[in-house]
Amino acid sequence: MSKSRNIFSGNRKYLYGGIILLFIAMAFVAFDMIGTDNFDSARREVLLRKIGDELLTQSGDSRSRVLPVEKIQENEYQIRFENEITFKPDSLVSTIQRLLVNDPLARDYVVNVLNCGNSSVAYGYAISHNKKDDIIACRGRVQPQGCYMINIKFKPSGIITAANSYFLGILLFLAFAGFIFWKSDRRRSIVLDDQNNSILTFGAVLFNPQEREMVINENTIDLTGTETRLLHIFALSPNQTIARTRLQKEIWEDEGIIVGRSLDMFISKLRKKLEFDPNIKITVIRGKGYKLEVSS
């Protein structure tokens with residue numbers, strides 16, 4: 001019985017250890033993804049500044065500055081200029097497309113050129129990785145010089161979403177596995193408790209492990225804790241050979257006690273207490289162990 005409990009306890013340790021290791025692995029993956037995302041975001045802002053620089057050059061301005069790129073919301077950035085500019089839609093589209101090729105996550109995006117005063121849209125277009133879904137208008141019309149801001153909104157890449165789904169899937173799997181293991185372990189515990197609490201009969205013996213006693217022909221015989229555990233193993237497998245090593249392990253070694261001849265001593269004590277029923281005896285099976293023989 002002690003062996004069974006230790007097996008269940010060991011299984012729980014493996015389960016909990018596995019869960020902890022999985023959470024650690026997930027944390028490393030999450031931190032790695034965060035680090036990668038921060039790097040990609042910084043690299044994207046450099047590309048956006050490069051876009052601003054080329055648009056200034058195309059406007060004939062080689063001296064004024066591109067103001068700091070602003071991330072106005074998740075996946076949306078704004079390019080601003082120190083001075084007024086003019087732009088050709090064809091050049092704007094080709095310049096942005098050429099530079100964003102270097103951003104592997106920028107496959108779908110919307111560009112809006114806004115007037116600084118009222119944020120109205122002076123020009124806009126949409127690019128898709130599926131070229132037939134591109135929306136580009138007014139390409140040949142030069143826009144007048146003015147104060148413009150360029151907003152570029154990127155479609156979420158789906159990588160984070162996929163990762164979240166991956167983590168959620170792992171958590172659900174762990175929860176399900178833990179629930180199944182808990183139910184199975186609980187059923188086993190109930191069975192073990194029922195076995196410990198039930199009265200076992202063999203021959204003329206009524207054995208009550210819970211009370212540590214047995215009744216033979218109206219004689220009540222008290223048992224020690226060790227005698228109870230030992231007799232319980234025999235009573236669950238009458239007329240079957242029980243290996244000596246198993247008895248030693250389940251009775252003593254699992255509790256951290258190493259024994260020599262203690263087993264023989266307790267076997268001898270049990271034999272004397274079972275003498276009230278001549279049809280029951282504990283015999284030695286040489287080279288193997290012991291057997292509780294119950295004659296019908």
Surface/4 estimate of mean projected area, convex hull on alpha-carbon atoms of the stretch 41-104, nm²
4.4 nm²
Obtain the nm distance between the two label points defined at R49 and E82 by a simple spin-label model: each point lies 7 Å from its Cα along the Cα-to-C-beta direction.
1.4 nm
For R107 and R63, what is the calculated FRET efficiency with R₀ set at 25 Å and r taken between the beta-carbons, to the nearest 0.05?
0.15
Please compute the length gained on full extension between N279 and S237, using 0.36 nm multiplied by the number of residues separating them and subtracting their Cα-Cα distance.
13.5 nm
For the pair E218/D134, report the inter-label distance in nm, with labels modelled 7 Å from Cα in the Cβ direction.
10.6 nm
Using a Förster distance of 35 Å, the FRET efficiency for D90-D40 (Cβ separation, nearest 0.05):
0.75
How much solvent-accessible surface does E275 expose, in Å² to the nearest 10, with a 1.4 Å probe and all protein chains in place?
140 Å²
Going by average Cβ density within 10 Å per residue, which order do the peptides 117-129, 141-153, 222-234 take, highest to lowest?
222-234, 141-153, 117-129
Residue separation between R98 and N208 times 0.36 nm, minus their alpha-carbon distance, gives in nm 31.0 nm
Please list 50-62, 282-294 highest first by mean number of surrounding beta-carbon atoms within 10 Å per residue.
50-62, 282-294
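The values are calculated or read from the model by the stated rules, or taken from the named source; none is laboratory data. All of these numbers come straight from a predicted model, not from anything done at the bench. So basically every Cβ, Gly included, is an ideal-geometry build from the backbone, and we count neighbours across all protein chains shown. What goes into the accessible areas is simple: the full protein's heavy atoms, side chains included, and nothing from ligands, DNA or RNA. Shrake-Rupley method; radii C 1.70, N 1.55, O 1.52, S 1.80 Å.
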